[in-house]
Structure formats: C-alpha cells, structure tokens
Amino acid sequence: MNTDPIADLLTRIRNANRAHKDWTDIPWSKLKEAIARVLVDEGFLREVAVNTAEGRKVIRVSLRYDEFRRPC
C-alpha cells in the first residue's frame, strides 16, 4: 500500500522524464486520473489514457518534450 499516492504519481512522471521515456504507467485511482488530466490541460503532459493491464486499471501517461527533447 502506498501512503502518498499523489507523491507517487509525480515521482513516476519525474523519473520517466529524466529517463527520456515516451510514456509511463501508473496504478489507477480517480484522484490520480483527475490530477493527470489537469496536467494535460495545463500543457505539462501530452496525453492520458486509462488501460487495463493484468486485470487492473492503469493510467498511461504520455510525456511531453520540447524540440530539444527537454521535459516540459
């Protein structure tokens, strides 16, 4: 069990950005999905999709980079 799901969400996004990944998967919750959609609306992320992997919902977050491949 994760004691701070919002910190976990942001840490997963930050780690994926630092590794220059195109996307990352995050365990789903309504709160995490809502936060991720706000980040898309504000221009920090490219896209958010809810998928099912191994019988569990996950949030697939597509990361956004500038023309020099720097995180937005």
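So here's what we get for this one:
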item	result
Cut-off 14 Å between beta-carbons: net charge of the residues surrounding A7, Lys and Arg +1, Asp and Glu -1	+1
For region 17-72, alpha-carbon Rg and Dmax in angstrom	11.6, 37
The chain: angle of helix 30-41 to the longest principal axis, Cα-based, in degrees nearest 10	20
Formal net charge of residues neighbouring Y65 (Cβ-Cβ distance under 15 Å; K, R +1; D, E -1)	+3
Coil-residue chymotrypsin sites (Phe, Trp or Tyr not before Pro) of the chain, DSSP, other Cβ within 10 Å capped at 10	F68
Of the trypsin sites (Lys or Arg not before Pro) in region 29-72, those whose Cβ has at most 10 other Cβ within 10 Å and which sit in DSSP loop	R69
Added length on full extension, which subtracts the Cα-Cα distance from 0.36 nm per residue, R14 to S62	16.1 nm
The chain, accessible surface, carbon-and-sulfur percent (1.4 angstrom probe)	51
Spatial separation of Cα centroids for region 1-29 and region 41-72, in angstrom	10
Probe 1.4 Å, protein heavy atoms only - accessible area per residue of the chain in square angstrom	72
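The values are calculated or read from the model by the stated rules, or taken from the named source; none is laboratory data. None of these values were measured; they are calculated from a predicted model. Positions of Cβ are generated from backbone atoms using ideal geometry, with glycine treated the same way; all protein chains shown enter the neighbour counts. To get the accessible areas, we keep the full protein, side chains included, count just its heavy atoms, and leave off ligands, DNA and RNA. Shrake-Rupley method; radii C 1.70, N 1.55, O 1.52, S 1.80 Å.
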